[in-house]
Amino acid sequence: MNVRAQIAMVFHLDKCIGCHTCSVACKNIWTDRKGAEYMWWNNVETKPGTGYPTQWEDQEIYQGGWQKHGHRLELKASGHWKGMTRLYHNPYMPNINDYYEPFSYDYQQLINAPADDDQPTARPISLVTGKPMDIKGGPNWDDDLSGTPDYARSDVNLRDLSAEMQEAMFQLERMVMFYLPRICNHCLNPACVAACPSGAIYKRAEDGVVLVNQDKCRGWRLCISACPYKKVYYNWKSGKSEKCILCYPRLETGQVPACMHSCVGRIRYLGVLLYDADKIETIASVPEEQLLSKHRDIYLDPFNKQVVQYAKDCGIPDSTIVAAQKSPVYKFVKEWQIALPLHPEFRTLPSLFYVPPLLPIMSQVRDQQVLVSSKNFWGNIDEIRIPIAYLAQLFAAGNEHEIECILKKQLAVRYLRRFETVGDVSKEWVESLLSEVHLNFEIAHSMYHLTSLAPFHERFVIPPAHREESIEMLRETSLHKGETGFNTF
Amino acid sequence: METLLYIVFPYLAMLTCLIGSIIRIRFLGYTISSFSSQFFESKLLYWGSRMFHTGIVILLLGHLVGLIIPRSITLFTNHPLRLVILEVTAFAFALMTFVGVVILLYRRIKEPRVRVVTRKTDFLVYGILLLQIITGIWVAYFHRWGISWYTTVLAPYIHSFFTLSPDISAFATLPVMIKVHALSGFAFIAIIPFTRLIHFFAYPYHYFYRQYLVFVSNINLEKINH
């Protein structure tokens, strides 16, 4: 057993209000540079929608992620041989139009314009060419546009839904949408790392953060098409790839990543998971229907004495093991099993998990009546506004049972609180709901606590980085100059 | 004058390339990149880049093979049919390279966004490349059977550099276009460390035998817990 630590995250989608504060926090710190203006290491999408870059989920266009080739796992459009034929031109790389052309405005015009009869205007100016331009898109151009043909209806995840289901989703009075904040998944089986011909992208062994060594990157661009989440970006100015660094300079000093720290809805959780690195390839190659359960299996129980011993033997610091025991992510992913990775079928084993949104199931209107409690409520779960099939496409590789289970768990917790605060449902009924999804009062209470009440230090459990032992600290500073930052060229 | 052009200049060019490249790769890793502009324009690049790179790689390898094993090539091309086939193939690749570089240049000038990421040194690269390809095609057409005489006249000239006993007697008598082609070739070598051409020293050959996942530790794990 080869135990490693991974900093993992949970985003609770029911709590996301789509305010983009995370995106702006990230942008201000990391991508406010020439060549990086178009990058949003953190972005928030409206689902159903086409996302950023447009249609990123459609691997028929971008050919990202892994696929099974017989029993072997291969990168879809790169890898040892295929990738090398695409160095001159990579047919699957998104270009600027798939993202958007970054722009500013000619604000000086507002001040410097000569006196005239008309109000001066600030024209949009391209941040690439510096010339006036017409704005055709932006990083969140599908924001709140559920139902629209160009965005929501072009969502790839609707492909397998019947026409009636789609129509039902987009009826004006039943219109449905939710927000999907995305950052780099810091995968256990990262396709970008595997596709990089220069060996510039690597996973930090001590905490699993995936980074691009800016000194080693040679701009072959295979990582950009290989990442199925399109979370590696090409800096057109420096000719290098860049990606979310999980704010590692903050993590190393015990601070929370900027996107998570600034999250208004408090939807984000961060903590350590221990996993068995020997199993990565086996688990990434299991049949699609087993992907979710096997992915959970790769994470080890930090309370198990044997695991702790193995972890110590593998050089995991005691402080990290303690952090793993306190990890909120472990609770969501392993104990309660209510958080799922985005698009597990890409087979990269993401370390970012989402609690699927329950959406307005509580206020379902039927025959002029609001259905709040009903004895056969479970009978109606497939009639919730957003089709379970759609959520299953996003978070479970089409496994609807998995989504149903999670929604039932969330609902059971809500009824428990309904029982405790309003009291119009009976205790026995709540108990039956809980036991149906293998929960009890105690677990449900801790779920409620971590979801709704948990303070900062419970939502974010960062293991000490042991900077005193970092190799970087023991070398001459001039040797690693420019390794970790982003130089200006 | 001849000594300066045919001996000092090539030596300087090769030395510049060697020392410059070592310095750039060792200390200025951040500045090395393919500087791809595919992000801004992809369709023309598909034809331009693929044609140009395929052509130039094969032509460069051809020149290199002629230098390394001149005698075998001379013997191999003894048979006229083999010589004709090789010449025609090489000529076809030369034309392909030419078309490729023209497409690339057109793209650089025509696309406003690509122009933004064009450096001044890029035009130097394009200039020398064009000169090189045009003189190359000229030589191939007007001074035919180059594969044969290259191995007997030019290869010894280049070899003489490496044995530190430069011999220009044969080279000095060659037609002017061949000289221009050879000298601009040395200019091409000289500018490698100062331009984007450095990217061909970055060819990631080690990727073929590397395992897919890369883990790097920034912490000396053995020291923890002790």
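When each pair of different Cα atoms in region B:78-168 is counted once in the 1/r mean, what is the Kirkwood radius in angstroms, to one decimal?
So the Kirkwood estimate lands at 15.7 Å.
In what sequence, highest mean first, do B:37-46, A:78-87, A:124-133 appear when ranked by Cβ atoms within 10 angstrom?
Ranked by mean Cβ neighbours within 10 Å, highest first: B:37-46, A:78-87, A:124-133.
Counting residues in chain A as N, plug N into 2.2 N^0.38 Å and put the Cα Rg over that result.
Output field value: 1.02.
Filter the DSSP H helices in chain B by two things, a Kyte-Doolittle mean of at least -1.0 and an axial alpha-carbon span of 15 angstrom or more, and list the hits by number.
Flagged H segments are B:9-27, B:43-68, B:80-110, B:120-142, B:176-191.
Kirkwood Rh over alpha-carbon pairs of region A:43-137, then Stokes-Einstein at 20 °C and 1.002 mPa s: what D in µm² s⁻¹, rounded to an integer?
For these conditions, the coefficient is 124 µm²/s.
Hey, got the average number of other protein chain Cβ atoms within 10 angstrom for residues in A:234-243?
Per residue, the number of nearby Cβ atoms from other chains is 4 on average.
Can you figure out the FRET efficiency of residue A:14 with residue A:85, using R₀ = 51 Å and their beta-carbon distance, to the nearest 0.05?
Between residue A:14 and residue A:85 the formula returns 0.70.
So how much slack lies between residue B:141 and residue B:8, counting 0.36 nm per residue of separation and subtracting their Cα-Cα distance, in nm?
Roughly 45.0 nm would be gained on extension.
Mind checking A:93-102 for the average number of partner chain beta-carbons within 10 Å of each residue's beta-carbon?
Across the residues of A:93-102, the mean count of other-chain Cβ atoms within 10 Å is 3.
Would you list the membrane-span-like helices of chain A, meaning whole DSSP H runs whose alpha-carbon atoms span at least 27 Å along their axis and whose mean Kyte-Doolittle value is at least -1.0?
A:400-421
Under 5 Å between amide H atoms, partner at least 5 residues away or on a different chain: which partners does residue B:215 have, H built in plane at 1.01 Å?
Residues meeting the criterion, in which the H sits 1.01 Å from N, are A:203.
Once you list every other residue whose beta carbon is under 12 Å from the beta carbon of residue B:201, what net charge do they have if Lys and Arg are +1 and Asp and Glu are -1?
Residues near residue B:201 contribute +4 overall.
Amide H of residue A:92: which non-local residues (sequence gap of 5 or more, or other chain) have their own amide H closer than 5 Å, using H built in the peptide plane?
It is none; the list stays empty.
Compute the label zone of residue B:209 within region A:71-91: residues whose backbone N is under 16 Å from the point 7 Å along Cα-to-Cβ.
Answer for this model: A:80-81.
Between residue B:115 and residue B:88, what is the label-point separation in nm under the 7 Å Cα-to-beta-carbon projection?
Inter-label distance under the simple model: 4.3 nm.
Using a cut-off of 15 Å between beta-carbons, work out the net charge of the residues near residue A:32 (Lys and Arg +1, Asp and Glu -1, residue A:32 not included).
Summing Lys/Arg as +1 and Asp/Glu as -1 gives +2.
Stick to the Cα atoms of region A:9-76, pair each with every other, and give me the Kirkwood hydrodynamic radius in Å at one decimal.
14.7 Å
Where Rh is the Kirkwood radius over the Cα pairs of region A:68-222, the temperature 10 °C and the viscosity 1.306 mPa s, what D in µm²/s does Stokes-Einstein return?
77 µm²/s
Going toward the positive end of the dipole of region B:79-153, with +1 on Lys and Arg Cβ and -1 on Asp and Glu Cβ, which of B:89, B:109, B:99 do you reach last?
Sorting the options by dipole projection puts first B:109.
Quick one: net charge around residue A:124, please, counting Lys, Arg +1 and Asp, Glu -1 for every other residue with C-beta under 15 Å from its C-beta.
Computed value for this residue: -1.
Take residue A:319 and residue B:65, extend 7 Å from each Cα along the Cα→Cβ direction, and tell me the distance between the two endpoints in nm.
6.0 nm
Give the Rg (one decimal place) followed by the Dmax (whole number) of region B:2-223, computed from C-alpha coordinates and expressed in Å.
Radius of gyration, then largest Cα-Cα span, for region B:2-223: 20.1, 70 Å.
Stokes-Einstein at 20 °C, 1.002 mPa s, Kirkwood radius from Cα pairs: D for region A:206-330 in µm² s⁻¹?
125 µm²/s
Over region A:83-122, what lengths in whole Å, largest first, do the semi-axes of the equivalent ellipsoid take, defined as the square roots of 5 times the eigenvalues of the alpha-carbon gyration tensor?
Computed over region A:83-122, the values are 45, 9, 6 Å.
Separation between the residue A:456 and residue B:172 pseudo-spin-labels, each 7 Å from Cα along Cα→Cβ, expressed in nm?
A separation of 8.1 nm, rounded to one decimal place.
Under 5 Å between amide hydrogens, which residues at least 5 positions from residue A:355 or on another chain qualify, with H placed 1.01 Å from N in the peptide plane?
For residue A:355, the qualifying residues are A:11, A:12, A:13, A:340.
Each value in this text was obtained by applying a stated rule to the coordinates, not by laboratory testing. For clarity, every value in this text was computed on a predicted model and none was experimentally measured. As a convention, Cβ positions derive from the backbone with ideal geometry for all residues, glycine included, and neighbour counts pool all protein chains shown.
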